[in-house]
Amino acid sequence: MKTRLQLFIGCLLVTGVVTAGAFTVDMSFDAGVKATSEYLWRGKVISDDWCIQPSLRTSAGEFSLEAWGTWDLTSSSNGSSRTRTDVTLEYAHTCQDTSTREDIFIARAGFIAYIRKDSLAVPWQKDTFEAYVGGDVLVPLLPSFTVYYDFAEIEGLYAT
């Protein structure tokens, strides 16, 4: 009997702690597919043939996870082996004007894994990883900036 009472009290305590710590998080899911006549990455033609580019993104609060891919649709024998997948984990925080409570800036930081399956890969097309920081100013024309640092294969900076 004592063991059952202890178990019952323990369950009540755990339930109370879980209930007291409960909170809500806004979640969203987005998916899409694009067909392109060629694939460009940062101004460089990666494939001059038709590609299919699916994407899937989920967000929970200020965090998001996105998977994006491209599949070369060439009729050549290596078309299906010329694919790429990018996986991005991002944190984005919206800053507000303290007096008006209006959103004025979005600060972003994240990591990207570029994963390739390419039998023709050259050094700038191998698997690599980047960290980035950036922001969007919430005014007309929406100016933004992002600085990427490749810390694996390329070891360099890229800014937009």
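Any idea how many residues of region 116-136 are part of a strand (DSSP E or B) and either modelled with pLDDT of 85 or more or among the hydroxyl-bearing types (Ser, Thr, Tyr) (or both)?
Qualifying residue count for the region: 9.
Within region 139-157, restricting attention to residues that are among the acidic types (Asp, Glu) and surrounded by 12 or more Cβ atoms within 10 Å (Cβ to Cβ), which residue is farthest from the chain's Cα centre (by Cα)?
Across region 139-157, the extreme among qualifying residues is Glu153.
Could you grab me the full set of residues in region 86-99 that are more than 20 Å from the chain's Cα centre (by Cα) and open to solvent by 70 Å² or more (accessible area, probe 1.4 Å)?
Gln96, Thr98, Ser99, listed by residue number.
Return yes when Ala35 is assigned to a strand (DSSP E or B) and either within 22 Å of Tyr158 (Cβ to Cβ) or at pLDDT below 90 (or both) and no when it is not.
No, not satisfied.
Would it be correct to say that Phe63 is open to solvent by 70 Å² or more (accessible area, probe 1.4 Å), at pLDDT 90 or above and either closer than 18 Å to Lys126 by Cβ or touching a Phe, Trp or Tyr at 6+ places or on another chain (Cβ under 7 Å) (or both)?
yes
The values are calculated or read from the model by the stated rules, or taken from the named source; none is laboratory data. This is a predicted model, so every value here is computed, not measured. With ideal geometry, Cβ positions are generated from the backbone for all residues, glycine too; neighbour counts draw on all protein chains shown. Keep in mind that these areas ignore ligands, DNA and RNA; they rest on the heavy atoms of the full protein, side chains included. Shrake-Rupley method; radii C 1.70, N 1.55, O 1.52, S 1.80 Å.
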